[in-house]
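Written out below as structure tokens is the structure these notes cover.
The values are calculated or read from the model by the stated rules, or taken from the named source; none is laboratory data. Fair warning: this is a prediction, and the values are worked out from it, not measured in the lab. Cβ sites come from the backbone with ideal geometry, for glycine too, and all protein chains shown count toward neighbours.
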Amino acid sequence: MRRLAAAAATVAVLTLAACSGGSTDDDDGTAAPGGGAETDTIVVGFSQVGSESGWRAANTKSIQDTLTAENGFELKFSDAQQKQENQIQAIRSYIAQGVDVIAFSPVVQSGWDGVLEEARDAGIPVVLTDRAVDSTDETLYESFIGSDFVLEGEMMGEWVSENLATEPIKVVELQGTTGSAPAIDRKTGFETATADNPNVEIIASQTGNFTRTEGKQVMEGFLQAHSDIDVVYAHNDDMGLGAIEAIEAAGMVPGVDIKIVTIDAVKDGMQALVDGKINYIVECNPLLGPDLADIIKAVVAGEPVEKRIVVKDEAFDQAAATVALPDREY
Ligand code: AHR
């Protein structure tokens, strides 16, 4: 189910307009920059972060399932493999091809001004999805759509504080990709929400790069260095699932001997919550494709769009996950 904040209503119902000064494809599939509006197809260049997690797979599917020829789009899609230089290269390639709109989910939040200025100079509007940039120049992009990562961290911190930190607890944190908006914001939100509770002590914090493999490796290191871990706070489900493997390999029971809380609520994470191996999950909704399509159509039509559109996220304990899992889309 799509749950957009009310602010998104302005772009909800739009008529597809012909692209002005956009690109059309040659017979060989090569885009022709500035080729005029021979068709109503909107050519979108999308640079994805990578394929690091179940969340990312669901997000990619949502975008590829929505920005289809049937819906009036030609999608040029690239996977940056979690490298900023690959994203910058992809964006430059989309500029050279003269796409109508560039959309991307920035792997890290800094260092985008140069390439975004190049897009602006070329007259190609940019839409940010999922992750924001820290640029102070808001003319560099048309709109951002995604979750409030600080709020996600706060929701988690509040739950941990109220449900686990009624006595002193030692927490280890598996951070997302260093420099990424979700890693920075989820850390900030959690620390803010637990700041007033002296029972919460974060004894170690390290990146697991949002992957299951690195989450497991980092958790193995935490277990070797600390014999008194009470709680794992993982910035996504995949790292939490990696931590489960490390805890089980160390002869302990995840969810019981060491509590685990994560963010995302993808199917594998929700199953682990139902199984009692994860204790609480804050959702991050990856199904951004339909709203991204509406925003892009609005931008191309010259309609006003909100600068920041926040998707509403829920949270799940075991009982709520048991109810939600059978109908889970991702
Ligand atoms: O930016 C969203 C985050 O990126 C998701 O929480 C995580 O799973 C993904 O890698």
Residue count, region 277-300, condition in contact with a Ser or Thr (Cβ under 7 Å, 6 or more places away or on another chain) and of a type in the set (Gly, Ala, Ser), comes to 2
Mind checking which pairs have a first residue in region 103-117 that is not assigned by TED's automatic domain parsing to the domain that holds Thr136 and at pLDDT 95 or above and a second that is away from the ligand (no atom under 16 Å from the Cβ) and not in a helix (DSSP H, G or I), Cβ under 6 Å, 6 or more apart or different chains?
none
For region 41-90, what are the residues that are in contact with a Phe, Trp or Tyr (Cβ under 9 Å, 6 or more places away or on another chain) and in a strand (DSSP E or B)?
Ile42, Val43, Val44, Gly45, Phe46, Ser47, Gln48, Leu75, Lys76, Phe77, Ser78
Name the single residue that is farthest from the ligand (Cβ to nearest atom) among those in region 133-176 being of a type in the set (Phe, Trp, Tyr) and closer than 22 Å to Asp238 by Cα.
Trp159
Looking at region 62-75, which of the residues that are over 13 Å from Ile296 (Cβ atoms) and touching a residue at least 24 places away in the same chain (Cβ under 8 Å) is nearest to the ligand (Cβ to nearest atom)?
Ser62
Give me the pairs, please: first residue somewhere in region 272-294 and without any contact (Cβ under 8 Å) to a residue 24 or more places away in the chain, second residue anywhere and in a loop (DSSP other than H, G, I, E, B) and surrounded by fewer than 24 Cβ atoms within 10 Å (Cβ to Cβ), beta-carbon distance under 9 Å, and either six or more positions apart or on two chains.
Asp275/Gly255
Among the strands (runs of 3 or more DSSP E) contained in region 247-330, which hold 1 or more residues that are in contact with a His (Cβ under 8 Å, 6 or more places away or on another chain)?
259-264
Looking only at residues that are among the small types (Gly, Ala, Ser) and more than 18 Å from Thr178 (Cβ to Cβ) in region 203-239, which one is farthest from the chain's Cα centre (by Cα)?
Ser227
